[in-house]
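What follows is calculated from the coordinates using simple rules that are stated; it is not laboratory data. Remember, predicted model here, so these are calculated numbers, not experimental data. Note that each Cβ is placed from the backbone with ideal geometry, even for glycine, and that neighbours are counted across all protein chains shown.
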Amino acid sequence: MSGEKPQGAVKGQDHDPKVKPQPGFCSATCTDEKAGKAEIAKPDLKTSDLFITCNLPKRFEHPHWFNGYGCQVSKQHPFYRTSASEYGWYPPGYYSVPKVFFPAGQRFTNALSAAGMYRNYSLNTGMDQVGYQ
């Protein structure tokens, strides 16, 4: 009878029924302040802890920093939901961020900002076309 639960135990309840949950702590996992603080003090998991990475920016090293995804904000009205919102519902995880990052050069942007955007100074003499008749 070593595998049986004692009389009065609720199915799915694995914690000691004699220990009363303290306010501010999750009764399922933290029963004392010391264990709760130890859990909070654990360092965050990084992508490089799970995979071999090379030159990753901090936003890819710590994907839990991403905010504002559908599962993190209030529910959207079903009428306005799209397939794109389904695709972007969940934030990136450790298995979905890139393992290698190759940043693009800024040469084009620097030249464009120095010279300015192209402006067309030609004279428009044509008539605008009517979309329908």
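Quick notes on this structure:
- Phi angles across segment 34-39 convert, under the Karplus curve 6.51 cos²θ - 1.76 cosθ + 1.60 with θ = phi - 60°, into 3J(HN,Hα) values of 5, 5, x, 5, 5, 5 Hz, Gly and Pro given as x.
- When F60, F79, F101 are arranged by Cβ crowding within 10 Å, least crowded first, meaning fewest neighbours, the order is F79, F101, F60.
- Likely footprinting exposure, R59, R119, fewest C-beta neighbours within 10 Å first: R119, R59
- Residue exposure sequence - K99, K42 - by fewest surrounding Cβ within 10 Å: K42, K99
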